[in-house]
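The values are calculated or read from the model by the stated rules, or taken from the named source; none is laboratory data. In this text the structure is predicted, and so the values were computed from the model without any measurement. Using ideal geometry, Cβ is built from the backbone for each residue, glycine included, and neighbour counts are taken over all protein chains shown.
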Amino acid sequence: MFHMQIPLVDLQAQYRTIKQDVLSAIEETLESMQLFLGPQTQAFERDFATYCDCRYGVGVATGTDALALALRACDIGEGDEVITVANTFIATVEAIALVGATPVFVDIDPETYTMDWQQLGSVLTSRTRAIIPVHLYGYPVEMQPVLEFARAHELLVIEDASQAHGATYQGKRVGSFGDIGCFSLYYSKNLGAYGEAGICVTNNEILADKLRMLRDHGSRERYRHEILGVNARPDEI
């Protein structure tokens with residue numbers, strides 16, 4: 001009997017189909033020597049935001065950065081609680097811990113493996129500030145009841161859509177429902193970079209501006225730093 005192993009993700013096969021386009025883009029970038037926050041990044045931010053039905057896209061270095069900076073942009077930190085699920089990659093919880101907040105878990109729906117919104121009320125406290133629903137395996141969280149709960153209790157919603165690029169719920173793409181949508185562009189994701197990258201999308205101009213500052217040492221212009229930020233800029237390539 002003949003056996004063949006078919007890899008779940010064959011990056012070499014993917015590369016072969018777009019090799020010349022990739023090499024041409026790399027050469028163009030190296031010729032320009034705009035190695036970060038250049039025209040390629042700006043074009044991708046704009047195009048991906050439009051694809052997600054959002055007004056603003058802010059590229060960052062990793063999906064973990066996207067989540068952590070989204071939390072910081074929303075002023076979530078020490079003493080705050082953030083509701084999420086354990087059925088996710090560690091970065092979701094890691095980002096909450098990195099800003100000094102406390103992750104609080106609800107269980108998942110046994111049919112969809114995503115957040116069971118009916119359990120949100122059981123973990124709500126006076127310290128709850130936000131919900132991070134995790135869209136998983138390309139399957140969206142049932143967002144309408146999550147958003148209704150968030151509005152009723154004045155909570156922020158930060159979507160972790162790192163494994164659901166392009167997924168839709170009620171005709172809208174994930175990432176566009178909450179205050180900020182966060183995506184990983186790790187090379188093996190549904191939409192992957194050649195290396196590491198991430199992006200946040202939002203319809204809130206103030207949050208978009210703050211995200212841009214946070215990713216670039218808290219600055220809008222070189223050597224003028226307004227807030228405490230980090231180096232989370234995406235590489236141009």
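Residue pairs whose Cβ atoms lie under 6 Å apart, separated by 6 or more positions or on different chains, with the first residue in the stretch 4-21 and closer than 15 Å to residue 192 by Cα and the second surrounded by 10 or more Cβ atoms within 10 Å (Cβ to Cβ), do not occur.
Does any residue of the stretch 41-52 turn out to be free of Cβ contacts under 8 Å to residues at least 60 places away in the same chain, within 23 Å of the chain's Cα centre (by Cα) and part of a loop (DSSP other than H, G, I, E, B)? No, because not a single residue in the stretch 41-52 is free of Cβ contacts under 8 Å to residues at least 60 places away in the same chain, within 23 Å of the chain's Cα centre (by Cα) and part of a loop (DSSP other than H, G, I, E, B).
Residues in the stretch 118-129: is at least one buried (at least 20 other Cβ atoms within 10 Å of the Cβ), in contact (Cβ under 8 Å) with a residue 12 or more places away in the chain, closer than 28 Å to residue 55 by Cα and in contact with a helix residue (DSSP H, G or I) (Cβ under 8 Å, 6 or more places away or on another chain)? Looking for residues that are buried (at least 20 other Cβ atoms within 10 Å of the Cβ), in contact (Cβ under 8 Å) with a residue 12 or more places away in the chain, closer than 28 Å to residue 55 by Cα and in contact with a helix residue (DSSP H, G or I) (Cβ under 8 Å, 6 or more places away or on another chain), one finds none in the stretch 118-129, hence no. Just one residue in the set 60, 106, 99 is more than 26 Å from residue 235 (Cβ to Cβ), at pLDDT 95 or above and among the β-branched types (Val, Ile, Thr); that residue is 106. For residue 178, state whether it is in contact with a Gly (Cβ under 9 Å, 6 or more places away or on another chain) and outside any strand (DSSP E or B). Taking the combined requirement at face value, the residue does not satisfy it. Loosely packed, with under 14 Cβ neighbours inside 10 Å, free of Cβ contacts under 8 Å to residues at least 12 places away in the same chain and within 19 Å of residue 193 (Cβ to Cβ) - does that describe any residue in the stretch 59-78? Within the stretch 59-78, none of the residues are loosely packed, with under 14 Cβ neighbours inside 10 Å, free of Cβ contacts under 8 Å to residues at least 12 places away in the same chain and within 19 Å of residue 193 (Cβ to Cβ).
Checked against (1) basic (Lys, Arg); (2) closer than 30 Å to residue 32 by Cβ; (3) within 16 Å of the chain's Cα centre (by Cα), residue 222 meets all criteria but (3). For the stretch 29-38, the condition holds for at least one residue, the condition being that it is surrounded by 11 or more Cβ atoms within 10 Å (Cβ to Cβ), touching a strand residue (DSSP E or B) at 6+ places or on another chain (Cβ under 7 Å) and either at pLDDT below 95 or closer than 19 Å to residue 232 by Cβ (or both). Here are the criteria: (1) in a loop (DSSP other than H, G, I, E, B); (2) modelled with pLDDT of 95 or more; (3) surrounded by fewer than 23 Cβ atoms within 10 Å (Cβ to Cβ); (4) aromatic (Phe, Trp, Tyr). Tell me which single one residue 186 does not satisfy. Unmet for residue 186, out of (1) in a loop (DSSP other than H, G, I, E, B); (2) modelled with pLDDT of 95 or more; (3) surrounded by fewer than 23 Cβ atoms within 10 Å (Cβ to Cβ); (4) aromatic (Phe, Trp, Tyr): (2). Residue 167 meets each of the listed conditions (1) surrounded by fewer than 17 Cβ atoms within 10 Å (Cβ to Cβ); (2) under 16 Å from the mean Cα position of the chain (by Cα) apart from (1). Under the condition of being loosely packed, with under 14 Cβ neighbours inside 10 Å and either touching a Leu at 6+ places or on another chain (Cβ under 8 Å) or not β-branched (Val, Ile, Thr) (or both), which residue from the stretch 15-27 is modelled with the lowest pLDDT? Top of the filtered list is 15. The set of residues in the stretch 189-200 being closer than 26 Å to residue 10 by Cβ and in a strand (DSSP E or B) consists of 198, 199.
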